[in-house]
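Asker: The structure follows.
The values are calculated or read from the model by the stated rules, or taken from the named source; none is laboratory data. Fair warning: this is a prediction, and the values are worked out from it, not measured in the lab. As a convention, Cβ positions derive from the backbone with ideal geometry for all residues, glycine included, and neighbour counts pool all protein chains shown. Keep in mind that these areas ignore ligands, DNA and RNA; they rest on the heavy atoms of the full protein, side chains included. Shrake-Rupley method; radii C 1.70, N 1.55, O 1.52, S 1.80 Å.
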Amino acid sequence: MALEAQTKSIVAQFDYTDEDVNKGVKEFLRQMGEGLEKDGTSMSQIPTYVTAVPNGTEKGLYMAVDLGGTNFRVCSIQLNGDTTFNLTYTKVAIPKELMVAKTAQQLFAFLAKQIELFLRTHHEEHFEAHVRRRLTVSSPDGYMDENVFRLGFTFSFPVQQSGINKGTLIRWTKGFDIPDAIGKDVCALLQIEIDRLHLPVRVAALVNDTVGTLMARSYTSPGKTGAVLGAIFGTGTNGAYIEKLENLKKPLTGEYDKSTGDMVINTEWGSFDNQLNVLPNTSWDIQLDKSSVNPGIQMYEKRVSGMFLGEILRLALLDLLKDPKVSFFKDENSSSNDWKSTTNIAEDSSIYTEWGIDTAIMSVAAADNTPELSVLRQELESTLHIHSPAHDDAEAFKAIAGAVARRAARLAAVAIAAVVLQTGQLSASNDEPVDIGVDGSLVEHYPYFREMIYEALRIIDGVGEEGAKRIRIGVAKDGSGVGAALIALVAAGMEKSTTTADYFSELRSHAHAQSTSLTAVLEDNDEVTTD
Ligand code: ADP
Ligand code: MG
């Protein structure tokens with residue numbers, strides 16, 4: 001009984017009421033507005049210089065890489081021009097030691113190596129043709145235009161972008177910490193390592209994963225309407241949306257196409273409410289923040305995204321384990337266990353290690369509807385080395401995990417609703433859907449995550465039942481790859497204005513300052529291909 005009572009009290013601390021949700025939306029709107037007016041606010045609201053989204057008719061073969069936080073993905077994408085695409089990809093976990101490498105070069109050399117492996121495996125012909133040609137042209141570094149893959153680089157960390165393939169790292173998030181890279185142009189860092197390996201690849205565009213998701217969803221989404229928001233709920237969380245130029249009050253340095261009247265804004269909403277005006281703050285949130293590599297920042301992300309939910313859960317579970325009045329994952333003898341064996345936690349269990357619980361197990365807990373919770377109990381045994389967990393233990397685990405995830409989903413609804421309200425799309429007199437593309441393992445795999453978001457949307461002032469019905473949230477499958485390809489396509493179109501001679505010298509020097517705008521009149525670039 002003590003366990004049940006304690007569990008209830010922990011679950012209650014993760015309550016995020018309808019009133020909290022509405023307060024959250026108001027504050028989110030206020031902080032969005034602040035970020036549009038000046039620099040140095042909690043939400044950066046970074047202009048991306050992307051002024052339009054695709055319509056599904058774009059064509060060509062492109063490469064894309066995605067440094068997300070947990071994995072590095074390399075892919076090639078054939079855009080077919082009829083809202084469909086073919087994608088080949090590989091994925092590799094980023095070694096922990098490289099996330100905190102001494103130099104940026106170590107990390108980027110690893111990334112370039114993965115690109116080489118991918119080309120050798122999946123584009124051998126292309127690769128060989130390039131190598132042959134390189135040997136036959138007079139300059140050893142001579143590239144032929146048509147043999148160069150244009151690559152969209154999805155880099156999901158805060159970047160001050162100053163051009164289509166140029167941007168300096170503002171700060172690391174999601175557990176990365178390589179001080180050497182701060183303030184450097186991440187495209188140049190990657191291009192240098194690519195060139196060291198003599199790969200036929202040109203980093204053509206720098207893409208934030210949220211912008212990529214927005215572009216990808218617009219390319220694939222059904223109907224006439226493009227997406228208004230691209231949102232990530234993976235290792236981290238962030239969103240990019242279409243804003244009216246007239247609302248963007250802070251000065252824009254680069255050039256851009258003013259004709260659409262819009263610009264895509266990368267909100268960097270992971271840092272929403274760093275000052276904790278409205279965010280919930282349990283003792284476990286406080287502990288987690290203290291032991292993170294970036295205390296006091298990314299406060300919204302630390303309550304919402306995959307990297308952190310498992311750790312919040314772990315800290316709450318540890319409190320239960322420490323409580324002498326409660327019997328949790330231990331019993332004196334097997335007679336109290338319905339599995340007829342004695343429960344204990346192995347000493348080496350990662351439940352005792354910081355960041356030792358992967359959020360993925362929360363999905364297992366939520367999905368297990370067997371009366372005995374036998375799937376979850378087996379998972380506890382295999383991943384956390386908790387031997388013979390009792391049914392009550394598993395119930396407590398499931399309840400707390402569910403509460404942490406539910407709060408995250410309701411917080412996610414705060415961001416989504418605020419952006420939708422900001423765009424004014426719901427008050428438009430038509431009944432077109434308001435389309436939103438989402439990506440990331442949490443939203444994709446956690447059972448009912450989207451349903452919990454919708455449940456919260458329905459009680460938000462200004463959205464309500466009717467509004468929630470019009471909001472269409474769709475997973476942008478392979479979003480970062482397709483989105484990066486689409487932006488690389490725009491970038492390739494812009495290169496046409498450069499003469500061939502200029503283009504070669506630029507490739508060799510890497511010093512060329514690209515036009516600073518991504519004037520995405522995508523329809524004009526239908527025929528741009530690299531192959
Ligand atoms: P990235 O952020 O690198 O692009 P993902 O979108 O795959 O990668 O997100 C990885 C994060 O999602 C990790 O924090 C991981 O703990 C979490 N995660 C992975 N699988 C699941 C799952 N089945 N349910 C919930 N969270 C998951
Ligand atoms: Mg991702």
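Results for (1) at pLDDT 95 or above; (2) open to solvent by 10 Å² or more (accessible area, probe 1.4 Å); (3) of a type in the set (Asp, Glu); (4) assigned to a helix (DSSP H, G or I), shown as yes or no for each residue.
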position: 19; (1), (2), (3), (4): yes, yes, yes, yes
position: 27; (1), (2), (3), (4): yes, yes, yes, yes
position: 30; (1), (2), (3), (4): yes, yes, no, yes
position: 36; (1), (2), (3), (4): yes, no, no, yes
position: 53; (1), (2), (3), (4): no, yes, no, no
position: 56; (1), (2), (3), (4): no, no, no, no
position: 64; (1), (2), (3), (4): yes, no, no, no
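Asker: Let me ask something additional. For the stretch 250-259, name all the residues that are out of contact with any strand residue (DSSP E or B) (no Cβ under 9 Å at 6 or more places or on another chain) and within 22 Å of residue 167 (Cβ to Cβ).
Answerer: Filtering the stretch 250-259 down to residues out of contact with any strand residue (DSSP E or B) (no Cβ under 9 Å at 6 or more places or on another chain) leaves 251, 255, 258-259.
Matches in the stretch 250-259: 251, 255, 258.
Asker: In addition: If you scan the stretch 414-425, which residues turn out to be among the hydrophobic types (A, V, I, L, M, F, W, C) and surrounded by fewer than 22 Cβ atoms within 10 Å (Cβ to Cβ)? Don't jump to the end; show me each part of the working.
Answerer: So in the stretch 414-425, the residues among the hydrophobic types (A, V, I, L, M, F, W, C) come out as 414-421.
Answer for the stretch 414-425, where residues must be among the hydrophobic types (A, V, I, L, M, F, W, C) and surrounded by fewer than 22 Cβ atoms within 10 Å (Cβ to Cβ): just 421.
Table: residues versus (1) farther than 22 Å from residue 184 by Cβ; (2) touching a His at 6+ places or on another chain (Cβ under 6 Å); (3) not aliphatic (A, V, I, L, M).
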position: 52; (1), (2), (3): yes, no, no
position: 69; (1), (2), (3): no, no, yes
position: 78; (1), (2), (3): yes, no, yes
position: 104; (1), (2), (3): no, no, no
position: 123; (1), (2), (3): yes, no, yes
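Asker: List the number of the failed condition for residue 102; all other conditions in (1) modelled with pLDDT under 95; (2) surrounded by fewer than 20 Cβ atoms within 10 Å (Cβ to Cβ) hold.
Answerer: (1)
Asker: Being part of a helix (DSSP H, G or I) and surrounded by 20 or more Cβ atoms within 10 Å (Cβ to Cβ) is true for just one of 313, 318. Which residue is that?
Answerer: Details: 318 fails: surrounded by 20 or more Cβ atoms within 10 Å (Cβ to Cβ).
Only one candidate passes the filter, namely 313.
Asker: Here is a follow-up. Residue by residue through the stretch 284-310, note down the ones that are open to solvent by 30 Å² or more (accessible area, probe 1.4 Å) and assigned to a helix (DSSP H, G or I).
Answerer: Within the stretch 284-310, 286, 287, 290, 307 meet the criteria.
Asker: Okay, moving on. Scan the stretch 347-357 and give yes if some residue there is more than 16 Å from ligand 2 (Cβ to nearest atom), touching a strand residue (DSSP E or B) at 6+ places or on another chain (Cβ under 9 Å) and either open to solvent by less than 50 Å² (accessible area, probe 1.4 Å) or not hydroxyl-bearing (Ser, Thr, Tyr) (or both), otherwise no.
Answerer: Looking only at the stretch 347-357, we keep the residues that are more than 16 Å from ligand 2 (Cβ to nearest atom), and these are 347-357.
If we keep only those that are touching a strand residue (DSSP E or B) at 6+ places or on another chain (Cβ under 9 Å) too, we end up with 349, 351-352.
Then keep just the ones that are either open to solvent by less than 50 Å² (accessible area, probe 1.4 Å) or not hydroxyl-bearing (Ser, Thr, Tyr) (or both); that gives 349, 351.
There is at least one residue in the stretch 347-357 that is more than 16 Å from ligand 2 (Cβ to nearest atom), touching a strand residue (DSSP E or B) at 6+ places or on another chain (Cβ under 9 Å) and either open to solvent by less than 50 Å² (accessible area, probe 1.4 Å) or not hydroxyl-bearing (Ser, Thr, Tyr) (or both).
Asker: Which numbered condition in (1) within 22 Å of residue 35 (Cβ to Cβ); (2) surrounded by fewer than 16 Cβ atoms within 10 Å (Cβ to Cβ); (3) at pLDDT below 95; (4) of a type in the set (Gly, Ala, Ser) is the only one that residue 223 fails?
Answerer: For residue 223, the failing item is (1).
Asker: Within the set of pairs 6+ apart or on separate chains, which have a first residue in the stretch 416-437 that is in a helix (DSSP H, G or I), a second that is of a type in the set (Phe, Trp, Tyr), and C-beta atoms under 7 Å apart?
Answerer: What qualifies is 418/28; 419/241; 423/241.
Asker: Can I ask one more? Quickly run through the stretch 157-195 and pick out the residues that are on the phi < 0 side of the Ramachandran plot, assigned to a loop (DSSP other than H, G, I, E, B), more than 18 Å from the chain's Cα centre (by Cα) and not β-branched (Val, Ile, Thr).
Answerer: 165, 184
Asker: Cβ-Cβ below 6 Å, separation at least six or inter-chain, first residue in the stretch 38-62 and at positive phi, second assigned to a loop (DSSP other than H, G, I, E, B) and modelled with pLDDT under 85: which pairs?
Answerer: 49/254; 49/256; 49/517; 60/528; 60/529
Asker: Here's something else I'd like to know. Just give me the residues in the stretch 250-273 being among the acidic types (Asp, Glu) and in a loop (DSSP other than H, G, I, E, B), in sequence order. I'd like the intermediate steps shown before the answer.
Answerer: Taking the stretch 250-273 as the starting set, the residues that turn out to be among the acidic types (Asp, Glu) are 255, 257, 262, 268, 273.
Those that are among the acidic types (Asp, Glu) and in a loop (DSSP other than H, G, I, E, B): 255, 257, 268, 273.
Asker: Then there's this: Kindly evaluate residue 462 against the criterion of being within 16 Å of ligand 2 (Cβ to nearest atom) and not in a helix (DSSP H, G or I).
Answerer: Details: within 16 Å of ligand 2 (Cβ to nearest atom): no; not in a helix (DSSP H, G or I): yes.
No: the conditions fail for residue 462.
Asker: It is to be established whether one or more residues within the stretch 172-181 are free of Cβ contacts under 8 Å to residues at least 12 places away in the same chain and either farther than 16 Å from residue 64 by Cα or within 16 Å of ligand 1 (Cβ to nearest atom) (or both).
Answerer: yes
Asker: Still on this structure: So in the stretch 66-86, with the set limited to residues that are open to solvent by 50 Å² or more (accessible area, probe 1.4 Å) and within 16 Å of ligand 2 (Cβ to nearest atom), which one is modelled with the highest pLDDT?
Answerer: To start, the set of residues in the stretch 66-86 that are open to solvent by 50 Å² or more (accessible area, probe 1.4 Å) comprises 70, 73, 78, 80, 82-86.
Checking the rest, the ones that are also within 16 Å of ligand 2 (Cβ to nearest atom) come to 70, 73.
Working: 70: 88, 73: 95.
The extreme case among them is 73.
Asker: For the subset of the stretch 426-442 comprising residues that are in contact with a Ser or Thr (Cβ under 9 Å, 6 or more places away or on another chain) and over 20 Å from residue 314 (Cβ atoms), which member is most open to solvent (accessible area, probe 1.4 Å)? Spell out the reasoning first.
Answerer: From the stretch 426-442, those in contact with a Ser or Thr (Cβ under 9 Å, 6 or more places away or on another chain) are 432-435, 437-442; that's our starting set.
Then drop every residue that is not over 20 Å from residue 314 (Cβ atoms), which leaves 432-435, 437-440.
Details: 432: 62, 433: 42, 434: 2, 435: 1, 437: 0, 438: 1, 439: 28, 440: 11 Å².
This residue is 432.
Asker: Pull out all pairs, ordered by first then second residue, where Cβ-Cβ is under 6 Å, the residues are six or more apart or on different chains, the first lies in the stretch 365-376 and is part of a loop (DSSP other than H, G, I, E, B), and the second is at pLDDT 95 or above and open to solvent by less than 50 Å² (accessible area, probe 1.4 Å).
Answerer: Going by the 6 Å Cβ cut-off, the qualifying pairs are 368/376; 373/394.
Asker: Here's something else I'd like to know. How many residues does the stretch 438-473 contain that are within 16 Å of ligand 1 (Cβ to nearest atom) and either in contact (Cβ under 8 Å) with a residue 60 or more places away in the chain or not β-branched (Val, Ile, Thr) (or both)?
Answerer: Looking only at that region, the number is 15.
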